[in-house]
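Novice: Provided herewith is a single structure, encoded as structure tokens, for subsequent inquiry.
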Amino acid sequence: MMLLKTIDGLFVGTRYGAWGLGVLGIVGSIILVLANFTNGLASMMLFVAALSLSLGVTLVLMPKWFIKGDLLQNKRFIFGGVAITIAAVVAGVIYFINGGFPPINLLFV
């Protein structure tokens, strides 16, 4: 029984960690959209897709104690799934239009 409680605790910790990375991804994506303004629309849209992915992950993994209101509680999985789908579609369209991903400016590397 102690093993099952430990495994459950690890899953909860992993969920909160992934949620925290999603929140950091929102901030980082906004900064990188602005940093890639000079590289063109394709580079900017790639980070808009990253922003949409971060929003989706944040919505899906958001803790229940953080949610205020019934609308977000009931529809957050739908909104998160739509945001992740939009991110995949935008990234796929950019990949196929450019014949690969465009050059990007990563400030943090």
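Novice: Can you pull out every residue in the range 90-109 that is in contact (Cβ under 8 Å) with a residue 12 or more places away in the chain and either surrounded by 13 or more Cβ atoms within 10 Å (Cβ to Cβ) or within 18 Å of the chain's Cα centre (by Cα) (or both)?
Specialist: 90, 91, 94, 98, 102, 104, 105, 106, 108 - these are the residues of the range 90-109 that are in contact (Cβ under 8 Å) with a residue 12 or more places away in the chain and either surrounded by 13 or more Cβ atoms within 10 Å (Cβ to Cβ) or within 18 Å of the chain's Cα centre (by Cα) (or both).
Novice: Checking the structure you have, find out if any residue of the range 58-74 is of a type in the set (A, V, I, L, M) and in a loop (DSSP other than H, G, I, E, B).
Specialist: yes
Novice: Just to be sure, is residue 84 in contact (Cβ under 8 Å) with a residue 12 or more places away in the chain, assigned to a helix (DSSP H, G or I) and either of a type outside the set (Gly, Ala, Ser) or surrounded by fewer than 12 Cβ atoms within 10 Å (Cβ to Cβ) (or both)?
Specialist: Yes: the conditions hold for residue 84.
Novice: Turning to a different aspect of this structure: How many residues does the range 21-72 contain that are open to solvent by 70 Å² or more (accessible area, probe 1.4 Å), free of Cβ contacts under 8 Å to residues at least 40 places away in the same chain and not aliphatic (A, V, I, L, M)?
Specialist: So the count comes out to 6.
The values are calculated or read from the model by the stated rules, or taken from the named source; none is laboratory data. What you see is a predicted model; the values in this text were computed from it and never measured. Backbone-built Cβ (ideal geometry, glycine too); neighbour counts: all protein chains shown. What goes into the accessible areas is simple: the full protein's heavy atoms, side chains included, and nothing from ligands, DNA or RNA. Shrake-Rupley method; radii C 1.70, N 1.55, O 1.52, S 1.80 Å.
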